[in-house]
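S.K.: Sharing a structure below in structure tokens format, with a few things to ask.
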Amino acid sequence: MLPRGRPGQRTPLWAQRLRAQQLQAVAQGFPDFPLVLETYRECLQDLFDLPTLRELLTAIRRGELAIDAVDTVVPSPFARSLVFAYEAAYLYQGDASPAERRAQALALDPRLLRELLGEEELRSLLDPAVIDETTAELQHRLEARRAASAEALHDLLLRLGDLSDAELVARCSGDPGPWLKQLAREQRALRLRLAGEARWIAAEDAGLYRDALGARSRTALPASFLATVEHALPQLIARWARARGPFTRETVQQRFGLPARAVDEALAALRARGRIVGEPQASAAGGGGAQPEHCDVEVLRRLKRRTLARLRAEVMPVAPAALGRFLGDWQALLPTGATTAGPTPRPGPGPDPLPRPRTVLAQLEGLPLALDDLEQAILPARVPGYHPRLLDELGARGELVWVGCGALGAREGRVALFRRERVGLLWAPPPLAPGPAGSSEPADPLADPLADPLADPLHAAILAALARRGASFLGELHGACGSPPLGLLLTALRALSWAGLVTHDTLQPLRAAGVRGSVDASRAGRRRAPPALFGGRWSLVSALGADPPVHATERLHAWALLLLERYGVVSREAVAGEALPGGFAALYPVLAALERAGRARRGHFVEGLSGAQFAAPGADERLRALRFPPGGSQLRVLAASDPANAYGTLLPWPPAVAQGGLAPGRRSGARVVLVDGELLLYLERGGRSLLSWSAPDDAPTARLVPVGLAQLAAQQRGRQLCLERIDGEAARRSTWAPTLLQAGWRADLKGLVFEAALGATTARTAPLTEGVG
């Protein structure tokens, strides 16, 4: 169906697939599109044979064929052959999550399942919470099922049997005393002593308790209530079992004060009649003792249905907001109010202060991030008491390497951090252009497309000096390049750094580039650098490559494991956000191989993510555990480019209340405020324009807007935030103005201003732990 754009020339397969996907996306909107029609025809006629099915159903409706429903103890030979197909699927799905495995197992006949798995496996199939809920419902302990009158209390005694005074109180919405006196006066209820305890029973059960337990009443009753009851003890135990979940023989003995032999005989009779099953089941407390357990057949079916429904809900894909909650949990973000960066004392002879930064950097490895965002928001959100000196110490120890990933203006750019032992595995040096004809020497590194905008004799001299001398201090490099003006040398080094061609032991040179008044080309006459800029060595990034070179498959394997560690769930959107060469198509075979090896799981975990999704071991369970927000409201303030912010890469930006020309994006300096994984606020770089995803009359979230803005103000320079526009309109005329003014903001000529006092951030966020709404 694809037209040839270049007749006679081959089109790459990946381009054909991409165009085919685009065509299919368009064709699905037209039901009469030929490709769609042919697909339905092939499925419904060639594969499913729908005409024959229509003939069969027509014959049944006309009465030409009859349907006879038969209940059998075990599946018929035909049905058994179908059910036994489960064996192959079950035995080779050991890497399935517990929720999926239990859901599949509960869909089978228990006898066949017992043959396949053995009895002990069945203990883990029923959900203990479902057992507790069902038992409370059957026992009429739920508020909606409690007795509210004497008539209802009489029905309760008929349904549940003997109950003590305390048990009746737990099953009545009022005081049962007057109702019991009324029933006793009307000879509809009487009191007996059973197993050493006084209990109430319905008068209609007097003969049943007399023949089953030998309990007699002195109350004069009608003869019909005292008639002989056949199989009294099995009937009594059967009714008792209908009102509870799995139970043991000892529980029956203690309830009715019976010897073990009598209970065993009664249970055997009930099993023979198909009233109870005696296979082991999970107890309400989730126990797994050696005592065999029993359960009423109908109760067991109800437990299986409810457990299956709960498990199927667990394995369904979660909503996008759950992914927002999961990323913060997976990447171990600090609680709100604990992210303030402050001075860190210089390490002494005590414990190593760097284990936490090392763990965080391993998860952020290889991700291009703006240096300001990295040090002002992303790392402080993960490392308690973060100080930029921590990165410099790791670099000085030879543990950390940074590589520039492009400039973002004259004084800022993106960097990617690597552990030194893995930089050669994850980072691929840009290919050098071929040298002159007939020469085996590579061309000058500046011929690389990245360095084209930086073509300059000084750049070439710096690269040649570093290639000749190796890692060099600034003073050595200054002399090797002919002692140029120091400002020009530093400007050239920064340009080469952002181009990813040179690096430094620390990040101090890049930080100095962002400080106004630092040494640059405008001060070219200065030939002596401040001592701080001489610390550490400059080196070529290409010297960090692995020797021998890493195979492309090894690099893709390392990136697949890194993305699983970073995001927990890897999809096409996650790979696209990393800008990896080859994209998701190159990484997919590696992820599929990890799945076959049991090191990843494939499935549809998150709604809204396209294509196949791969989860790290245990990530799918943690994601489903966050399907619903935890108690209270969890507020997070993140950089828009933070990998813990799912919006803009993994998930699209939701429509704001009113954008007014401001479109949210993962820009350097922008901030977002998330509440339970959902977007609440977006603050553009500079802090002058704000977008909101709430309204002042939305009580559950409106009270969080001032709290989130207070957090944002605490992260601004001077701890002050001045909003000029909110949701596309002037801040002073915004619908949020009254709410903010009431929360301590003040109005000035430009807009609304808030000054965050020291310690105010933590104090204002304290009510979040108490829950909202």
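The values are calculated or read from the model by the stated rules, or taken from the named source; none is laboratory data. The structure displayed is predicted, hence computed values, not measured ones. Methodologically, a virtual Cβ is constructed for each residue, glycine included, from the backbone with ideal geometry; neighbour enumeration extends over all protein chains shown. Ligands, DNA and RNA are stripped out before the accessible areas are found, and what is left, the full protein with its side chains, is counted by its heavy atoms. Shrake-Rupley method; radii C 1.70, N 1.55, O 1.52, S 1.80 Å.
S.K.: I'd like to know if the stretch 655-668 contains one or more residues that are surrounded by 22 or more Cβ atoms within 10 Å (Cβ to Cβ), small (Gly, Ala, Ser) and within 29 Å of Leu371 (Cα to Cα).
M.R.: Within the stretch 655-668, not a single residue is surrounded by 22 or more Cβ atoms within 10 Å (Cβ to Cβ), small (Gly, Ala, Ser) and within 29 Å of Leu371 (Cα to Cα).
S.K.: Right, next: Exactly one condition in (1) open to solvent by less than 60 Å² (accessible area, probe 1.4 Å); (2) at pLDDT 60 or above is not met by Glu133; state its number.
M.R.: (1)
S.K.: Could you please find all residues in the stretch 668-703 being part of a helix (DSSP H, G or I) and not polar (S, T, N, Q)?
M.R.: Of the residues in the stretch 668-703, the ones part of a helix (DSSP H, G or I) are 699-702.
Residues satisfying the conditions are Ala699, Pro700, Ala702.
S.K.: Name the one entry in Ala220, Ala198, Ala243 that is in a loop (DSSP other than H, G, I, E, B), touching a residue at least 24 places away in the same chain (Cβ under 8 Å) and farther than 30 Å from Arg273 by Cβ. Before you say what the answer is, go through the steps one by one.
M.R.: On the way: Ala198 fails: in a loop (DSSP other than H, G, I, E, B); Ala243 fails: farther than 30 Å from Arg273 by Cβ.
Of Ala220, Ala198, Ala243, the one residue that is in a loop (DSSP other than H, G, I, E, B), touching a residue at least 24 places away in the same chain (Cβ under 8 Å) and farther than 30 Å from Arg273 by Cβ is Ala220.
S.K.: For Leu267, are the conditions met, namely being of a type in the set (A, V, I, L, M, F, W, C), within 24 Å of Glu298 (Cα to Cα), touching a residue at least 12 places away in the same chain (Cβ under 8 Å) and open to solvent by less than 30 Å² (accessible area, probe 1.4 Å)? Give the steps one after another, and end with the answer.
M.R.: Values: of a type in the set (A, V, I, L, M, F, W, C): yes; within 24 Å of Glu298 (Cα to Cα): yes; touching a residue at least 12 places away in the same chain (Cβ under 8 Å): yes; open to solvent by less than 30 Å² (accessible area, probe 1.4 Å): yes.
Criteria met by Leu267.
Residue by residue, here is whether (1) of a type outside the set (Gly, Ala, Ser); (2) part of a helix (DSSP H, G or I) holds:
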site	(1), (2)
Met1	yes, no
Gly8	no, no
Gln22	yes, yes
Ala25	no, yes
Pro51	yes, yes
Asp71	yes, no
Val74	yes, no
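S.K.: Another one. Provide a single number: the residues in the stretch 543-576 that are under 20 Å from the mean Cα position of the chain (by Cα) and under 23 Å from Gly618 (Cβ atoms).
M.R.: The first filter runs over the stretch 543-576 and keeps only residues under 20 Å from the mean Cα position of the chain (by Cα), leaving 560-576.
When the remaining residues are screened for being under 23 Å from Gly618 (Cβ atoms), the result is 560-575.
Adding up the residues that qualify gives 16.
S.K.: Just to check your reading of the model, which residue among Leu740, Leu690, Leu679 is hydrophobic (A, V, I, L, M, F, W, C), under 27 Å from the mean Cα position of the chain (by Cα) and modelled with pLDDT of 85 or more?
M.R.: Numbers: Leu740 fails: under 27 Å from the mean Cα position of the chain (by Cα); Leu690 fails: under 27 Å from the mean Cα position of the chain (by Cα).
Of Leu740, Leu690, Leu679, the one residue that is hydrophobic (A, V, I, L, M, F, W, C), under 27 Å from the mean Cα position of the chain (by Cα) and modelled with pLDDT of 85 or more is Leu679.
S.K.: Being without any contact (Cβ under 8 Å) to a residue 12 or more places away in the chain and over 22 Å from Ala396 (Cα atoms) is the filter here; which residues of the stretch 469-493 pass it?
M.R.: The one that is without any contact (Cβ under 8 Å) to a residue 12 or more places away in the chain and over 22 Å from Ala396 (Cα atoms): Gly479.
S.K.: Follow-up question, since we're still on this one. Kindly provide the set of residues from the stretch 373-398 that are among the acidic types (Asp, Glu) and modelled with pLDDT of 90 or more, ordered by number.
M.R.: Filtering the stretch 373-398 down to residues among the acidic types (Asp, Glu) leaves 373, 375, 392-393.
Matches in the stretch 373-398: Asp373, Glu375.
S.K.: Test Gln16 against the criterion of being touching a residue at least 12 places away in the same chain (Cβ under 8 Å), within 16 Å of Ala585 (Cβ to Cβ) and surrounded by 10 or more Cβ atoms within 10 Å (Cβ to Cβ), and give yes or no. Show your work before the answer.
M.R.: Working: touching a residue at least 12 places away in the same chain (Cβ under 8 Å): yes; within 16 Å of Ala585 (Cβ to Cβ): yes; surrounded by 10 or more Cβ atoms within 10 Å (Cβ to Cβ): yes.
Yes.
S.K.: Name the one entry in Ala600, Ala552, Ala639, Ala574 that is over 30 Å from Arg685 (Cα atoms), touching a residue at least 12 places away in the same chain (Cβ under 8 Å) and touching a helix residue (DSSP H, G or I) at 6+ places or on another chain (Cβ under 9 Å).
M.R.: Working: Ala552 fails: touching a residue at least 12 places away in the same chain (Cβ under 8 Å); Ala639 fails: over 30 Å from Arg685 (Cα atoms); Ala574 fails: over 30 Å from Arg685 (Cα atoms).
On inspection, the qualifying residue turns out to be Ala600.
S.K.: Continuing with this model, one more query. So which residues in the stretch 19-36 are touching a Leu at 6+ places or on another chain (Cβ under 9 Å) and open to solvent by 90 Å² or more (accessible area, probe 1.4 Å), if there are any at all?
M.R.: Step one: list which residues in the stretch 19-36 are touching a Leu at 6+ places or on another chain (Cβ under 9 Å), which gives 19-20, 23-24, 27, 31, 35.
Answer for the stretch 19-36, where residues must be touching a Leu at 6+ places or on another chain (Cβ under 9 Å) and open to solvent by 90 Å² or more (accessible area, probe 1.4 Å): Gln24, Pro31.
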